[in-house]
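The values are calculated or read from the model by the stated rules, or taken from the named source; none is laboratory data. As the structure is a prediction and not an experimental result, all values here were calculated from the model. Here the Cβ is made from the backbone with ideal geometry for all residues, glycine too, and neighbour counts use every protein chain on show.
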Amino acid sequence: MTSISIKFSKSQPKTTLDGITVYAVASIEGSAKLQGNAAKNAALKDLNLKALGISGTKEASSRVPVASSTIGFIGIGEKISNSMEAREIGGAIGRSFNDHKTIYLDLPIADQDFLYALLEGIAIVQYQYNNYKSGEKKPLALKTVAVLGGLALSKAQLEKIKILSQTLDATRDLVNAPANDLYPSKFAEIVKSQGKIENVKIEIWDEKKLAKEKCHGILAVGQGSVRGPRLVKIEYRPAKAKAHLALVGKGITFDTGGISLKPATGILGMKYDMAGAATVGEAALAIARLGLPVAVTAFMCIAENMPSGSATRPNDVITFRNGKSVEVTNTDAEGRLVLADGLILASELKPDLIIDVATLTGAARVALGNRYTGLMGDDESVAFVQKAAKTSGELVWHMPLPEELLELIKSDIADLMNSRVGNPSGGMLVGGLFLKEFVGLPKAKQKQAWAHLDFATAANNDLAPYGYTVKGATGSMIRTLVEVAAQFASKPKK
(Lines give C-alpha, C1' and ligand atoms only; values in the text may rest on other atoms or scores of the structure.)
Protein backbone atom coordinates (compact mmCIF):
# COMPACT_ATOMS: atom_id res chain seq x y z
CA MET A 1 0.00 0.00 0.00
CA THR A 2 1.55 3.26 -1.15
CA SER A 3 2.09 6.05 1.37
CA ILE A 4 3.83 9.31 0.52
CA SER A 5 5.34 11.88 2.86
CA ILE A 6 4.19 15.50 2.46
CA LYS A 7 6.51 18.33 3.55
CA PHE A 8 6.43 22.11 3.40
CA SER A 9 9.36 24.43 2.69
CA LYS A 10 9.66 28.19 2.26
CA SER A 11 12.91 28.01 0.31
CA GLN A 12 13.89 26.40 -2.99
CA PRO A 13 15.68 23.10 -2.28
CA LYS A 14 18.83 21.86 -3.96
CA THR A 15 17.91 19.99 -7.11
CA THR A 16 18.77 16.29 -7.38
CA LEU A 17 18.65 13.66 -10.08
CA ASP A 18 15.79 11.80 -8.40
CA GLY A 19 13.69 14.94 -7.79
CA ILE A 20 11.62 17.13 -10.08
CA THR A 21 10.33 20.66 -9.54
CA VAL A 22 6.91 21.20 -11.08
CA TYR A 23 5.72 24.62 -12.26
CA ALA A 24 2.32 25.78 -13.50
CA VAL A 25 1.55 26.85 -17.06
CA ALA A 26 -1.72 28.59 -17.92
CA SER A 27 -3.49 28.77 -21.25
CA ILE A 28 -4.33 32.43 -21.78
CA GLU A 29 -5.82 33.58 -25.08
CA GLY A 30 -4.48 30.43 -26.74
CA SER A 31 -0.89 30.89 -25.53
CA ALA A 32 1.02 29.07 -22.78
CA LYS A 33 2.15 31.38 -19.96
CA LEU A 34 4.30 30.51 -16.94
CA GLN A 35 2.57 31.20 -13.63
CA GLY A 36 3.64 32.05 -10.08
CA ASN A 37 7.34 31.94 -9.27
CA ALA A 38 8.07 30.35 -12.62
CA ALA A 39 7.15 33.61 -14.36
CA LYS A 40 9.68 35.46 -12.19
CA ASN A 41 12.46 32.88 -12.58
CA ALA A 42 15.19 34.30 -14.82
CA ALA A 43 16.30 30.80 -15.81
CA LEU A 44 12.79 29.93 -17.03
CA LYS A 45 11.38 33.10 -18.55
CA ASP A 46 13.47 32.76 -21.71
CA LEU A 47 12.18 29.25 -22.41
CA ASN A 48 10.39 28.92 -25.73
CA LEU A 49 7.37 27.07 -24.40
CA LYS A 50 5.82 26.51 -27.82
CA ALA A 51 9.02 25.08 -29.30
CA LEU A 52 9.38 22.75 -26.30
CA GLY A 53 5.80 21.56 -26.65
CA ILE A 54 4.82 22.92 -23.22
CA SER A 55 1.07 23.48 -23.06
CA GLY A 56 -1.18 25.31 -20.63
CA THR A 57 -4.11 23.02 -21.40
CA LYS A 58 -5.54 21.63 -18.20
CA GLU A 59 -3.66 18.50 -17.02
CA ALA A 60 -1.14 18.64 -19.91
CA SER A 61 2.29 17.66 -18.57
CA SER A 62 5.80 18.01 -19.94
CA ARG A 63 9.36 18.00 -18.65
CA VAL A 64 12.67 19.60 -19.58
CA PRO A 65 16.15 18.43 -18.49
CA VAL A 66 18.18 21.23 -16.92
CA ALA A 67 21.81 20.68 -15.86
CA SER A 68 21.80 17.81 -13.36
CA SER A 69 18.02 17.77 -12.78
CA THR A 70 14.63 17.90 -14.46
CA ILE A 71 11.88 20.48 -14.29
CA GLY A 72 8.25 19.67 -14.98
CA PHE A 73 5.31 21.70 -16.17
CA ILE A 74 1.62 21.12 -15.58
CA GLY A 75 -1.15 22.85 -17.48
CA ILE A 76 -3.82 24.50 -15.32
CA GLY A 77 -6.13 25.95 -17.98
CA GLU A 78 -6.85 29.63 -17.35
CA LYS A 79 -6.33 29.25 -13.59
CA ILE A 80 -7.08 26.98 -10.65
CA SER A 81 -10.46 28.34 -9.67
CA ASN A 82 -11.90 25.71 -7.30
CA SER A 83 -11.03 22.66 -5.23
CA MET A 84 -12.31 20.26 -7.88
CA GLU A 85 -9.87 21.64 -10.43
CA ALA A 86 -7.06 21.63 -7.87
CA ARG A 87 -7.71 17.95 -7.10
CA GLU A 88 -7.77 17.06 -10.81
CA ILE A 89 -4.51 18.91 -11.43
CA GLY A 90 -3.00 17.18 -8.40
CA GLY A 91 -4.03 13.85 -9.88
CA ALA A 92 -2.39 14.75 -13.19
CA ILE A 93 0.83 15.74 -11.37
CA GLY A 94 0.77 12.52 -9.35
CA ARG A 95 0.33 10.38 -12.44
CA SER A 96 2.77 12.28 -14.67
CA PHE A 97 5.76 12.72 -12.38
CA ASN A 98 5.67 9.78 -9.95
CA ASP A 99 8.70 8.21 -11.61
CA HIS A 100 10.73 10.62 -9.42
CA LYS A 101 11.45 10.03 -5.74
CA THR A 102 10.53 13.60 -4.81
CA ILE A 103 8.15 16.10 -6.41
CA TYR A 104 8.75 19.75 -5.47
CA LEU A 105 5.64 21.83 -6.08
CA ASP A 106 6.14 25.46 -7.02
CA LEU A 107 2.57 26.36 -7.97
CA PRO A 108 0.42 29.49 -7.57
CA ILE A 109 -1.77 28.05 -4.77
CA ALA A 110 -2.83 30.68 -2.24
CA ASP A 111 -5.84 28.92 -0.72
CA GLN A 112 -5.49 26.17 1.91
CA ASP A 113 -8.57 24.32 0.64
CA PHE A 114 -7.09 24.29 -2.86
CA LEU A 115 -3.77 23.04 -1.47
CA TYR A 116 -5.50 20.23 0.44
CA ALA A 117 -7.39 19.16 -2.69
CA LEU A 118 -4.22 19.29 -4.84
CA LEU A 119 -2.25 17.13 -2.40
CA GLU A 120 -5.15 14.72 -1.99
CA GLY A 121 -5.25 14.36 -5.77
CA ILE A 122 -1.54 13.51 -5.87
CA ALA A 123 -1.88 10.98 -3.04
CA ILE A 124 -4.90 9.06 -4.26
CA VAL A 125 -3.44 8.24 -7.69
CA GLN A 126 -0.38 6.53 -6.22
CA TYR A 127 -1.80 3.09 -6.83
CA GLN A 128 -0.91 0.02 -8.82
CA TYR A 129 -2.38 -3.48 -8.90
CA ASN A 130 0.17 -6.03 -10.04
CA ASN A 131 -0.61 -8.96 -7.73
CA TYR A 132 -0.87 -11.37 -10.65
CA LYS A 133 2.00 -10.03 -12.78
CA SER A 134 5.01 -12.29 -13.22
CA GLY A 135 8.54 -11.00 -12.86
CA GLU A 136 9.90 -8.26 -10.62
CA LYS A 137 7.25 -6.00 -9.10
CA LYS A 138 8.68 -2.52 -8.83
CA PRO A 139 7.06 -0.16 -6.33
CA LEU A 140 6.19 3.37 -7.36
CA ALA A 141 9.20 5.66 -7.09
CA LEU A 142 7.43 8.62 -5.45
CA LYS A 143 8.16 8.93 -1.73
CA THR A 144 7.90 12.65 -0.94
CA VAL A 145 5.96 15.69 -2.08
CA ALA A 146 7.50 18.98 -0.97
CA VAL A 147 5.36 22.12 -1.21
CA LEU A 148 7.40 25.30 -1.76
CA GLY A 149 6.23 28.65 -0.42
CA GLY A 150 4.58 29.66 2.85
CA LEU A 151 1.34 27.67 2.68
CA ALA A 152 0.98 24.47 4.73
CA LEU A 153 -1.61 21.98 5.99
CA SER A 154 -2.35 20.94 9.56
CA LYS A 155 -1.39 17.54 10.98
CA ALA A 156 -5.07 16.58 10.97
CA GLN A 157 -5.38 17.39 7.26
CA LEU A 158 -2.25 15.40 6.45
CA GLU A 159 -3.55 12.45 8.48
CA LYS A 160 -6.86 12.62 6.62
CA ILE A 161 -5.09 12.49 3.24
CA LYS A 162 -3.08 9.49 4.43
CA ILE A 163 -6.11 7.59 5.74
CA LEU A 164 -8.25 8.32 2.69
CA SER A 165 -5.54 7.33 0.20
CA GLN A 166 -4.90 4.08 2.10
CA THR A 167 -8.65 3.40 2.23
CA LEU A 168 -9.01 3.93 -1.50
CA ASP A 169 -6.10 1.54 -2.09
CA ALA A 170 -7.68 -1.13 0.13
CA THR A 171 -11.02 -0.74 -1.68
CA ARG A 172 -9.39 -0.91 -5.11
CA ASP A 173 -7.48 -4.04 -4.11
CA LEU A 174 -10.75 -5.75 -3.18
CA VAL A 175 -12.60 -4.66 -6.30
CA ASN A 176 -9.73 -5.52 -8.66
CA ALA A 177 -9.29 -9.01 -7.19
CA PRO A 178 -10.53 -11.89 -9.39
CA ALA A 179 -13.53 -13.84 -8.18
CA ASN A 180 -11.63 -17.12 -7.88
CA ASP A 181 -9.62 -15.50 -5.09
CA LEU A 182 -12.28 -13.16 -3.67
CA TYR A 183 -15.40 -15.17 -2.88
CA PRO A 184 -17.95 -14.35 -0.15
CA SER A 185 -16.25 -15.92 2.87
CA LYS A 186 -12.80 -14.66 1.84
CA PHE A 187 -14.15 -11.16 1.24
CA ALA A 188 -15.71 -11.15 4.70
CA GLU A 189 -12.55 -12.36 6.43
CA ILE A 190 -10.34 -9.76 4.70
CA VAL A 191 -12.56 -6.93 5.89
CA LYS A 192 -12.76 -8.36 9.41
CA SER A 193 -8.94 -8.54 9.56
CA GLN A 194 -8.82 -4.77 8.96
CA GLY A 195 -11.15 -3.99 11.85
CA LYS A 196 -8.73 -3.82 14.77
CA ILE A 197 -9.71 -0.21 15.44
CA GLU A 198 -10.92 1.42 18.64
CA ASN A 199 -14.72 1.30 19.07
CA VAL A 200 -15.17 -1.03 16.08
CA LYS A 201 -16.94 -4.39 16.19
CA ILE A 202 -17.31 -6.70 13.18
CA GLU A 203 -19.62 -9.70 12.82
CA ILE A 204 -19.77 -12.22 9.96
CA TRP A 205 -23.11 -13.92 9.39
CA ASP A 206 -22.90 -17.31 7.63
CA GLU A 207 -25.79 -19.24 6.04
CA LYS A 208 -27.16 -20.44 9.40
CA LYS A 209 -27.13 -16.96 10.88
CA LEU A 210 -28.62 -15.50 7.70
CA ALA A 211 -31.45 -18.03 7.87
CA LYS A 212 -32.03 -17.30 11.55
CA GLU A 213 -32.23 -13.56 10.81
CA LYS A 214 -34.57 -14.18 7.83
CA CYS A 215 -32.15 -12.64 5.31
CA HIS A 216 -33.85 -14.53 2.51
CA GLY A 217 -32.69 -12.23 -0.29
CA ILE A 218 -29.00 -12.88 0.29
CA LEU A 219 -29.67 -16.61 0.73
CA ALA A 220 -31.74 -16.79 -2.48
CA VAL A 221 -29.06 -15.10 -4.57
CA GLY A 222 -26.24 -17.18 -3.07
CA GLN A 223 -27.88 -20.59 -3.10
CA GLY A 224 -26.72 -21.45 -6.63
CA SER A 225 -23.04 -21.24 -5.67
CA VAL A 226 -20.91 -23.81 -3.85
CA ARG A 227 -19.42 -20.82 -2.02
CA GLY A 228 -22.04 -19.67 0.44
CA PRO A 229 -23.17 -16.07 1.02
CA ARG A 230 -22.22 -13.83 3.91
CA LEU A 231 -23.31 -10.64 5.60
CA VAL A 232 -20.67 -8.49 7.29
CA LYS A 233 -21.94 -6.11 9.95
CA ILE A 234 -19.53 -3.35 10.98
CA GLU A 235 -20.36 -1.23 14.01
CA TYR A 236 -18.45 1.89 15.01
CA ARG A 237 -19.67 3.35 18.27
CA PRO A 238 -17.66 6.38 19.46
CA ALA A 239 -18.46 8.11 22.72
CA LYS A 240 -20.94 11.00 22.44
CA ALA A 241 -21.80 10.31 18.81
CA LYS A 242 -23.65 13.22 17.19
CA ALA A 243 -25.59 11.04 14.75
CA HIS A 244 -26.02 7.49 13.47
CA LEU A 245 -25.23 6.71 9.83
CA ALA A 246 -26.20 3.34 8.32
CA LEU A 247 -24.50 2.11 5.14
CA VAL A 248 -25.64 -0.80 2.97
CA GLY A 249 -23.59 -2.22 0.11
CA LYS A 250 -24.16 -4.71 -2.70
CA GLY A 251 -21.45 -7.39 -2.63
CA ILE A 252 -21.90 -9.81 -5.54
CA THR A 253 -18.40 -11.28 -5.81
CA PHE A 254 -19.25 -12.56 -9.27
CA ASP A 255 -22.46 -12.10 -11.21
CA THR A 256 -23.18 -14.60 -13.95
CA GLY A 257 -26.82 -13.50 -14.00
CA GLY A 258 -27.81 -16.83 -12.46
CA ILE A 259 -30.38 -18.83 -14.42
CA SER A 260 -31.03 -15.64 -16.44
CA LEU A 261 -27.47 -16.02 -17.73
CA LYS A 262 -25.65 -12.97 -19.05
CA PRO A 263 -24.25 -13.02 -22.62
CA ALA A 264 -20.52 -13.68 -23.03
CA THR A 265 -19.59 -10.03 -23.48
CA GLY A 266 -21.85 -8.86 -20.65
CA ILE A 267 -20.34 -11.26 -18.15
CA LEU A 268 -16.83 -9.80 -18.41
CA GLY A 269 -16.03 -7.45 -15.53
CA MET A 270 -18.66 -8.91 -13.21
CA LYS A 271 -16.02 -9.35 -10.50
CA TYR A 272 -16.63 -5.63 -9.90
CA ASP A 273 -20.21 -6.26 -8.77
CA MET A 274 -19.10 -6.29 -5.13
CA ALA A 275 -17.83 -2.71 -5.26
CA GLY A 276 -20.73 -1.35 -3.24
CA ALA A 277 -20.03 -3.65 -0.29
CA ALA A 278 -16.30 -2.89 -0.43
CA THR A 279 -17.10 0.83 -0.49
CA VAL A 280 -19.40 0.90 2.53
CA GLY A 281 -17.16 -1.43 4.54
CA GLU A 282 -13.97 0.50 3.91
CA ALA A 283 -15.74 3.85 4.36
CA ALA A 284 -16.99 2.74 7.79
CA LEU A 285 -13.44 1.76 8.80
CA ALA A 286 -12.06 5.07 7.49
CA ILE A 287 -14.62 7.01 9.55
CA ALA A 288 -13.48 5.04 12.60
CA ARG A 289 -9.78 5.64 11.88
CA LEU A 290 -10.47 9.36 11.57
CA GLY A 291 -12.23 9.24 14.95
CA LEU A 292 -15.29 11.13 13.73
CA PRO A 293 -17.98 11.47 16.44
CA VAL A 294 -20.62 9.69 14.34
CA ALA A 295 -21.92 6.18 14.97
CA VAL A 296 -21.82 3.98 11.86
CA THR A 297 -23.39 0.63 11.08
CA ALA A 298 -22.43 -0.91 7.75
CA PHE A 299 -24.07 -3.95 6.21
CA MET A 300 -22.06 -5.68 3.48
CA CYS A 301 -24.50 -7.99 1.64
CA ILE A 302 -22.31 -10.61 -0.04
CA ALA A 303 -23.13 -13.50 -2.39
CA GLU A 304 -21.97 -15.14 -5.60
CA ASN A 305 -24.70 -15.33 -8.26
CA MET A 306 -24.22 -18.64 -10.08
CA PRO A 307 -26.46 -20.93 -12.19
CA SER A 308 -26.85 -24.48 -10.91
CA GLY A 309 -29.40 -27.06 -9.91
CA SER A 310 -29.82 -25.29 -6.57
CA ALA A 311 -30.05 -21.76 -7.97
CA THR A 312 -33.10 -19.54 -7.57
CA ARG A 313 -35.40 -19.85 -10.60
CA PRO A 314 -37.43 -17.22 -12.42
CA ASN A 315 -40.94 -17.10 -10.88
CA ASP A 316 -39.67 -18.22 -7.47
CA VAL A 317 -41.06 -16.10 -4.61
CA ILE A 318 -38.97 -14.75 -1.72
CA THR A 319 -40.56 -13.55 1.51
CA PHE A 320 -38.36 -11.04 3.31
CA ARG A 321 -37.75 -10.33 6.98
CA ASN A 322 -40.28 -7.49 6.98
CA GLY A 323 -43.00 -9.70 5.48
CA LYS A 324 -42.88 -8.32 1.91
CA SER A 325 -42.84 -10.89 -0.89
CA VAL A 326 -41.00 -10.65 -4.22
CA GLU A 327 -41.46 -12.73 -7.34
CA VAL A 328 -38.12 -13.23 -9.07
CA THR A 329 -38.71 -12.45 -12.74
CA ASN A 330 -35.01 -12.02 -13.56
CA THR A 331 -32.24 -13.67 -11.57
CA ASP A 332 -29.85 -11.09 -13.06
CA ALA A 333 -31.61 -8.38 -11.04
CA GLU A 334 -30.07 -9.88 -7.92
CA GLY A 335 -28.40 -6.85 -6.36
CA ARG A 336 -31.68 -5.37 -5.19
CA LEU A 337 -32.54 -8.67 -3.49
CA VAL A 338 -29.43 -8.67 -1.29
CA LEU A 339 -29.74 -4.93 -0.65
CA ALA A 340 -33.34 -5.41 0.50
CA ASP A 341 -32.08 -7.49 3.44
CA GLY A 342 -29.51 -4.84 4.34
CA LEU A 343 -32.03 -2.00 4.07
CA ILE A 344 -34.49 -3.82 6.33
CA LEU A 345 -31.80 -4.43 8.96
CA ALA A 346 -30.61 -0.83 8.73
CA SER A 347 -34.16 0.53 9.02
CA GLU A 348 -34.74 -1.40 12.24
CA LEU A 349 -31.92 0.63 13.84
CA LYS A 350 -33.75 3.92 13.08
CA PRO A 351 -30.56 5.76 12.06
CA ASP A 352 -30.40 9.43 11.09
CA LEU A 353 -29.64 8.44 7.50
CA ILE A 354 -29.33 5.27 5.43
CA ILE A 355 -27.18 5.29 2.30
CA ASP A 356 -26.94 2.26 0.04
CA VAL A 357 -24.23 1.92 -2.59
CA ALA A 358 -24.41 -0.50 -5.50
CA THR A 359 -23.33 -1.29 -9.03
CA LEU A 360 -27.04 -1.82 -9.52
CA THR A 361 -28.03 -1.24 -13.15
CA GLY A 362 -26.54 -1.14 -16.62
CA ALA A 363 -29.14 1.56 -17.23
CA ALA A 364 -26.99 3.91 -15.15
CA ARG A 365 -24.36 3.93 -17.90
CA VAL A 366 -27.00 4.55 -20.57
CA ALA A 367 -28.39 7.50 -18.64
CA LEU A 368 -25.26 9.06 -17.15
CA GLY A 369 -22.24 7.95 -19.16
CA ASN A 370 -18.94 6.83 -17.66
CA ARG A 371 -18.27 9.22 -14.79
CA TYR A 372 -21.46 10.14 -12.95
CA THR A 373 -23.15 8.25 -10.12
CA GLY A 374 -26.94 8.21 -10.02
CA LEU A 375 -28.33 9.61 -6.75
CA MET A 376 -31.88 8.95 -5.60
CA GLY A 377 -33.83 9.29 -2.35
CA ASP A 378 -35.84 11.82 -0.39
CA ASP A 379 -35.08 15.46 -1.14
CA GLU A 380 -33.36 16.30 2.15
CA SER A 381 -31.10 13.24 2.06
CA VAL A 382 -30.24 13.81 -1.60
CA ALA A 383 -29.25 17.42 -0.86
CA PHE A 384 -27.12 16.24 2.07
CA VAL A 385 -25.25 13.71 -0.07
CA GLN A 386 -24.93 16.18 -2.97
CA LYS A 387 -23.18 18.64 -0.66
CA ALA A 388 -20.77 15.95 0.53
CA ALA A 389 -20.05 14.83 -3.03
CA LYS A 390 -19.35 18.39 -4.14
CA THR A 391 -16.91 18.90 -1.26
CA SER A 392 -15.21 15.61 -2.18
CA GLY A 393 -15.10 16.41 -5.88
CA GLU A 394 -17.12 13.33 -6.87
CA LEU A 395 -19.76 13.48 -9.59
CA VAL A 396 -23.35 12.61 -8.66
CA TRP A 397 -26.59 13.40 -10.46
CA HIS A 398 -29.98 13.56 -8.80
CA MET A 399 -32.37 11.18 -10.54
CA PRO A 400 -36.13 11.04 -9.83
CA LEU A 401 -38.17 8.20 -8.36
CA PRO A 402 -41.40 8.45 -10.38
CA GLU A 403 -44.12 6.61 -8.48
CA GLU A 404 -45.94 5.61 -11.69
CA LEU A 405 -42.99 3.36 -12.62
CA LEU A 406 -43.64 1.26 -9.52
CA GLU A 407 -46.59 -0.24 -11.41
CA LEU A 408 -44.07 -1.92 -13.74
CA ILE A 409 -42.90 -4.20 -10.92
CA LYS A 410 -46.22 -5.12 -9.30
CA SER A 411 -46.61 -8.92 -9.28
CA ASP A 412 -49.77 -10.96 -9.79
CA ILE A 413 -48.80 -13.46 -7.10
CA ALA A 414 -46.53 -11.45 -4.76
CA ASP A 415 -46.14 -7.87 -3.58
CA LEU A 416 -43.44 -7.03 -6.12
CA MET A 417 -41.38 -8.38 -9.00
CA ASN A 418 -37.65 -7.81 -8.89
CA SER A 419 -37.57 -6.70 -12.53
CA ARG A 420 -40.03 -5.24 -15.02
CA VAL A 421 -41.09 -7.62 -17.79
CA GLY A 422 -40.97 -6.44 -21.41
CA ASN A 423 -40.69 -2.73 -20.57
CA PRO A 424 -37.26 -1.03 -20.64
CA SER A 425 -38.48 2.29 -19.23
CA GLY A 426 -36.30 3.91 -16.56
CA GLY A 427 -34.26 0.87 -15.53
CA MET A 428 -32.13 2.78 -13.02
CA LEU A 429 -35.18 4.48 -11.56
CA VAL A 430 -37.13 1.22 -11.24
CA GLY A 431 -34.18 -0.23 -9.31
CA GLY A 432 -34.32 2.71 -6.93
CA LEU A 433 -38.09 2.39 -6.53
CA PHE A 434 -37.74 -1.29 -5.65
CA LEU A 435 -35.20 -0.49 -2.93
CA LYS A 436 -37.39 2.28 -1.55
CA GLU A 437 -40.02 -0.36 -0.72
CA PHE A 438 -37.61 -1.84 1.86
CA VAL A 439 -36.62 1.42 3.54
CA GLY A 440 -38.20 2.31 6.88
CA LEU A 441 -40.45 0.45 9.30
CA PRO A 442 -43.95 -0.52 8.08
CA LYS A 443 -45.87 1.34 10.80
CA ALA A 444 -43.41 4.17 11.50
CA LYS A 445 -44.92 7.65 11.80
CA GLN A 446 -41.79 9.36 10.50
CA LYS A 447 -40.22 8.43 7.16
CA GLN A 448 -36.69 7.05 7.20
CA ALA A 449 -34.10 9.35 5.61
CA TRP A 450 -32.48 7.45 2.73
CA ALA A 451 -30.26 7.94 -0.29
CA HIS A 452 -29.36 5.44 -2.99
CA LEU A 453 -26.13 5.62 -5.03
CA ASP A 454 -26.01 3.62 -8.28
CA PHE A 455 -22.37 3.78 -9.36
CA ALA A 456 -22.41 0.98 -11.91
CA THR A 457 -20.09 3.00 -14.15
CA ALA A 458 -18.11 5.17 -11.74
CA ALA A 459 -16.91 2.21 -9.63
CA ASN A 460 -14.65 1.02 -12.44
CA ASN A 461 -12.82 3.00 -15.09
CA ASP A 462 -12.12 0.81 -18.12
CA LEU A 463 -10.81 3.78 -20.11
CA ALA A 464 -7.63 5.85 -19.70
CA PRO A 465 -6.83 7.48 -16.33
CA TYR A 466 -7.94 11.08 -15.92
CA GLY A 467 -7.71 13.71 -13.21
CA TYR A 468 -7.45 11.85 -9.91
CA THR A 469 -9.16 8.72 -11.29
CA VAL A 470 -7.01 5.66 -11.95
CA LYS A 471 -7.65 2.87 -14.42
CA GLY A 472 -9.63 -0.10 -13.10
CA ALA A 473 -11.31 0.04 -9.70
CA THR A 474 -11.62 3.72 -8.73
CA GLY A 475 -12.59 3.80 -5.05
CA SER A 476 -15.45 6.10 -6.02
CA MET A 477 -17.83 7.30 -3.27
CA ILE A 478 -15.46 6.48 -0.37
CA ARG A 479 -14.59 10.13 0.17
CA THR A 480 -18.23 11.20 -0.25
CA LEU A 481 -19.38 8.78 2.46
CA VAL A 482 -16.62 9.97 4.79
CA GLU A 483 -17.64 13.56 4.08
CA VAL A 484 -21.28 12.71 4.92
CA ALA A 485 -20.05 11.55 8.34
CA ALA A 486 -17.94 14.72 8.66
CA GLN A 487 -21.04 16.84 7.92
CA PHE A 488 -22.93 15.06 10.69
CA ALA A 489 -19.94 15.58 13.01
CA SER A 490 -19.96 19.32 12.39
CA LYS A 491 -23.70 19.73 13.02
CA PRO A 492 -24.89 20.57 16.53
CA LYS A 493 -26.56 17.55 18.12
CA LYS A 494 -30.35 17.86 18.32
Does segment 461-475 contain at least one residue that is within 26 Å of ALA283 (Cβ to Cβ), buried (at least 18 other Cβ atoms within 10 Å of the Cβ), in contact (Cβ under 8 Å) with a residue 40 or more places away in the chain and of a type in the set (D, E, K, R)? no
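Being among the hydroxyl-bearing types (Ser, Thr, Tyr) and in a strand (DSSP E or B) is true for just one of TYR104, TYR132. Which residue is that? Break it down into steps so the answer makes sense when it comes.
Working: TYR132 fails: in a strand (DSSP E or B).
Result: TYR104 is the single residue among TYR104, TYR132 that is among the hydroxyl-bearing types (Ser, Thr, Tyr) and in a strand (DSSP E or B).
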Just checking, does segment 159-170 include any residue being in the same structural domain as VAL191 (by TED's automatic domain parsing) and hydroxyl-bearing (Ser, Thr, Tyr)? yes
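Does VAL200 meet the test of being surrounded by 18 or more Cβ atoms within 10 Å (Cβ to Cβ), closer than 22 Å to HIS452 by Cα and touching a strand residue (DSSP E or B) at 6+ places or on another chain (Cβ under 9 Å)? So that I can check it myself, show each step before the final result.
Details: surrounded by 18 or more Cβ atoms within 10 Å (Cβ to Cβ): yes; closer than 22 Å to HIS452 by Cα: no; touching a strand residue (DSSP E or B) at 6+ places or on another chain (Cβ under 9 Å): yes.
The answer is no for VAL200.
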Tell me whether segment 306-324 contains one or more residues that are within 17 Å of the chain's Cα centre (by Cα) and either over 16 Å from THR171 (Cα atoms) or surrounded by 18 or more Cβ atoms within 10 Å (Cβ to Cβ) (or both). no
What do you reckon, is ALA92 outside any loop (DSSP other than H, G, I, E, B), surrounded by 14 or more Cβ atoms within 10 Å (Cβ to Cβ) and in contact (Cβ under 8 Å) with a residue 40 or more places away in the chain? yes
Over segment 406-431, the set of residues hydrophobic (A, V, I, L, M, F, W, C) and buried (at least 16 other Cβ atoms within 10 Å of the Cβ) is LEU406, LEU408, ILE409, ALA414, LEU416, MET417, MET428, LEU429, VAL430
Checking LEU164 against (1) surrounded by fewer than 16 Cβ atoms within 10 Å (Cβ to Cβ); (2) at pLDDT 95 or above; (3) of a type in the set (A, V, I, L, M, F, W, C): exactly one of these is not met. Which one? (1)
Only one residue in LEU44, LEU49 is part of a helix (DSSP H, G or I) and either surrounded by 13 or more Cβ atoms within 10 Å (Cβ to Cβ) or without any contact (Cβ under 8 Å) to a residue 40 or more places away in the chain (or both), so which one is that? LEU44
From the list ASP99, ASP113, ASP181, which residue is assigned to a loop (DSSP other than H, G, I, E, B) and either in the same structural domain as SER11 (by TED's automatic domain parsing) or hydrophobic (A, V, I, L, M, F, W, C) (or both)? ASP99
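Name the one entry in VAL439, VAL430 that is in a loop (DSSP other than H, G, I, E, B) and over 30 Å from LEU115 (Cα atoms).
Working: VAL430 fails: in a loop (DSSP other than H, G, I, E, B).
None of the others qualify; the one that does is VAL439.
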